[in-house]
Structures are given as C-alpha cells and as structure tokens.
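The values are calculated or read from the model by the stated rules, or taken from the named source; none is laboratory data. The structure presented is a predicted model; accordingly, all values stated were derived computationally and were not measured. Neighbour counts run over all protein chains shown; Cβ positions are idealised from the backbone, glycine included.
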Amino acid sequence: MPQIATDQAIVLRTVEYGERDIIVTLLGRETGKFSAIAKGGKASRKRFPGALDLFRVSEVTFRTRRSGSMSMLTEATVLGAFKDLDGSFDKIAVASYYTELVREMVQEGEDGEQAFDRAVEFYALVDAAADDPSTLELLLAQGVLRWLGHSGLAPSLAGCYRCSVSVASTDRAWFFSQQGEGALCSRCRTHGHRVWSVSPQALTLMAGLDSQQERGLAAAGARTQVRKVLLGLARCTLGRELKSRTALDLVFDSDPAGPR
Ligand SMILES: [Zn+2]
C-alpha cells in the first residue's frame, strides 16, 4: 500500500525525465537519501515553487511505494534559501561540489539526519562568508575534512601516521598519503607509497581549519596545497573525480593570489 510521508529535505540532484517530469534525488532529514519522481515537475511551479532547486531546505510530501520502486513527490515547499550563495558563481561552485560529495558518500538506507544537518550548516557558512576565493577555498577544505572525519576517515594531521613524530618537532620533509591515513614523514615514506608532497605549513593549516585565527593567517601556497590534498583525498576515497570539480578549478586556479 502506498503511504504518504512528509520530511525536510535538500535536493542532491535533479534529472529531467521525459517531456514533463523530473527525477529528484533528495536527502531527507528523517528519510535519508532517496529518489522521487516529480510528475509535471518541469512546468509545475505551483506544486514545487523553487523547491527542486539546489541549496534549498524544503518540506517535501511524497508517496512511498513498496521497496525497490521510486517514490512520487506530490508537494514541496521551500522553508529556507541562501540568497548570497545563489548570487555568486564561486559560492555555487563550492556548494555544488559539497552537494555532489554528499550525494556520493551517503548511501540509500543510511540515517540522514547528521548528513542533512551538516549540509545545511555548510550552505549557511558559505552563504554568510566573504565572497572571495581565499575564504571559500578554506571553507571548502574545512567542509571536506569534516565530512571525512564524520565518516570515520579523519587523517592524521598533527604528526606522521606511522612514527608519530609531530610536524612541529622535526625538519623532515612531509608527504600526505593518498590512501587517506594522513601526514607521512620522509623517513617513513617507502618506495611505491603514493603520496602528495606537502609543506609543514599546509599540515598545520589543515589541522587548524576550525580556527578562524589559523585561517586568517594562511599563506596562499599553504591554502592551495590544503585544497589540492583534500580534493585529491575525496577523489581517492570515491575512486573517481566529482563532476563539479571542473567548476571549482575555474574558481581557484584563476585566483590571482594563488600559485599556478
Ligand atoms: Zn614518520
């Protein structure tokens, strides 16, 4: 028997289906990740006014079917939007990347509450942030790192994950394991271990991303390394690059303050 359910949700993706319909992938706060078809969604601004756009918190009503078949979205109303985010290409690029990361990392059937709250919090941070690439670059890095941490994949940042020597206490060169364990000192690096080179400054910045003071002090070179390592880590964790990476590279690699 079909059942009617209501939940708060954000849109993770929309795909046009046929002439009139839209298939929408949602992250419901209680429902978790699921897909639903919005019949007539392409034309019906009345039933779904703006609620099928990205970066909205909406109340959605949908009819669930037996397991394995798609739900039907019957109504959606926007509860909250992020105006500054909507108005900035750079902010949209950052929030799109984060949204795609969530979509790929959350599985259907998993609890959605934490992922939902984290995503809404991230949109609010991006919305309120200064609209300049250096601020957004660190916010994105923080979002990705937090996501990895919540997924049980927090990398070692304060010291070498093998010998535990701290970043501050040695003049060894530093690397970052592409398998995600974290910082690796030059003595522990073995032949064939896939790594990125990182500076001690970049590791210190990565460890201090939650501190506004650390973020304010960040040099452009360290910032760029942090972004490249964390986006690389997301790619290695998922086994492929996210599509929205292309737009991100337009934002950051054109940043005049950053190295090429
Ligand atoms: Zn070591």
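Residue-by-condition table, conditions (1) in contact (Cβ under 8 Å) with a residue 40 or more places away in the chain; (2) among the hydrophobic types (A, V, I, L, M, F, W, C):
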| residue | (1), (2) |
| --- | --- |
| Gly87 | no, no |
| Glu108 | yes, no |
| Pro133 | yes, no |
| Ala141 | yes, yes |
| Val144 | yes, yes |
| Gly149 | no, no |
| Tyr161 | no, no |
| Asp171 | no, no |
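For the subset of region 136-171 comprising residues that are touching a Gly at 6+ places or on another chain (Cβ under 7 Å) and within 16 Å of the ligand (Cβ to nearest atom), which member is farthest from Val94 (Cα to Cα)? Lay out the reasoning, then the answer.
Start the filter on region 136-171 by keeping residues that are touching a Gly at 6+ places or on another chain (Cβ under 7 Å), which leaves 153, 155-157, 161, 165-167.
With within 16 Å of the ligand (Cβ to nearest atom) added as a condition, the list becomes 155-157, 161, 165-167.
Values: Pro155: 22, Ser156: 25, Leu157: 23, Tyr161: 29, Val165: 34, Ser166: 32, Val167: 29 Å.
So the residue we want is Val165.
Mind checking which residues of region 206-254 are more than 18 Å from Phe176 (Cα to Cα) and of a type in the set (A, V, I, L, M)? Show your work before the answer.
Of all residues in region 206-254, those more than 18 Å from Phe176 (Cα to Cα) come to 210-220, 240-254.
Answer for region 206-254, where residues must be more than 18 Å from Phe176 (Cα to Cα) and of a type in the set (A, V, I, L, M): Leu217, Ala218, Ala219, Ala220, Leu242, Ala247, Leu248, Leu250, Val251.
If you check every pair at least six apart or on different chains, which have Cβ atoms under 7 Å apart with a residue in region 217-232 that is touching a residue at least 60 places away in the same chain (Cβ under 8 Å) and closer than 15 Å to Tyr97 by Cβ first and a residue that is among the charged types (D, E, K, R) and not in a loop (DSSP other than H, G, I, E, B) second?
These pairs meet every condition: Arg227/Glu137; Leu231/Arg245.
Before we move on, is Ala222 within 18 Å of the chain's Cα centre (by Cα), surrounded by 15 or more Cβ atoms within 10 Å (Cβ to Cβ), of a type in the set (Gly, Ala, Ser) and in a helix (DSSP H, G or I)? Talk me through it step by step, then tell me what you get.
Numbers: within 18 Å of the chain's Cα centre (by Cα): no; surrounded by 15 or more Cβ atoms within 10 Å (Cβ to Cβ): yes; of a type in the set (Gly, Ala, Ser): yes; in a helix (DSSP H, G or I): yes.
No; evaluated as a whole, the condition is false for this residue.
Pull up region 35-55, narrow it to residues that are crowded, with 21+ Cβ neighbours inside 10 Å and of a type outside the set (Gly, Ala, Ser), then point me to the one that is modelled with the lowest pLDDT. I'd like the intermediate steps shown before the answer.
Pass one, region 35-55, residues crowded, with 21+ Cβ neighbours inside 10 Å: 36, 38, 41, 48, 51-52, 55.
Going one step further and asking which of them are of a type outside the set (Gly, Ala, Ser), we end up with 48, 52, 55.
Working: Phe48: 84, Leu52: 92, Phe55: 97.
That would be Phe48.
Table: residues versus (1) under 21 Å from Asp111 (Cα atoms); (2) part of a loop (DSSP other than H, G, I, E, B).
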{"position": "Leu12", "(1), (2)": "yes, no"}
{"position": "Phe34", "(1), (2)": "yes, no"}
{"position": "Pro49", "(1), (2)": "no, yes"}
{"position": "Glu75", "(1), (2)": "no, no"}
{"position": "Val94", "(1), (2)": "no, no"}
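Can you name the condition, by its number, that Phe176 falls short on among (1) of a type outside the set (Val, Ile, Thr); (2) within 16 Å of the ligand (Cβ to nearest atom); (3) in contact (Cβ under 8 Å) with a residue 40 or more places away in the chain; (4) loosely packed, with under 14 Cβ neighbours inside 10 Å?
(4)
How many residues does region 181-197 hold that are within 28 Å of the chain's Cα centre (by Cα) and more than 8 Å from the ligand (Cβ to nearest atom)?
8
All but one of (1) within 30 Å of Glu59 (Cβ to Cβ); (2) within 16 Å of the ligand (Cβ to nearest atom); (3) hydroxyl-bearing (Ser, Thr, Tyr) hold for Tyr123, so report the exception by its number.
That leaves (2) as the condition not met.
Taking the residues in region 107-165 that are touching a helix residue (DSSP H, G or I) at 6+ places or on another chain (Cβ under 7 Å) and acidic (Asp, Glu) as candidates, determine which candidate is surrounded by the fewest Cβ atoms within 10 Å (Cβ to Cβ).
Applying the filter and picking the extreme gives Asp131.
Can you tell me which condition Glu241 does not meet? The list is (1) under 21 Å from Ser156 (Cα atoms); (2) touching a Lys or Arg at 6+ places or on another chain (Cβ under 6 Å), and all the others hold.
(1)
Please go through region 200-221 and pick out each residue that is within 16 Å of the ligand (Cβ to nearest atom) and touching a Gly at 6+ places or on another chain (Cβ under 8 Å).
Residues satisfying the conditions do not exist here.
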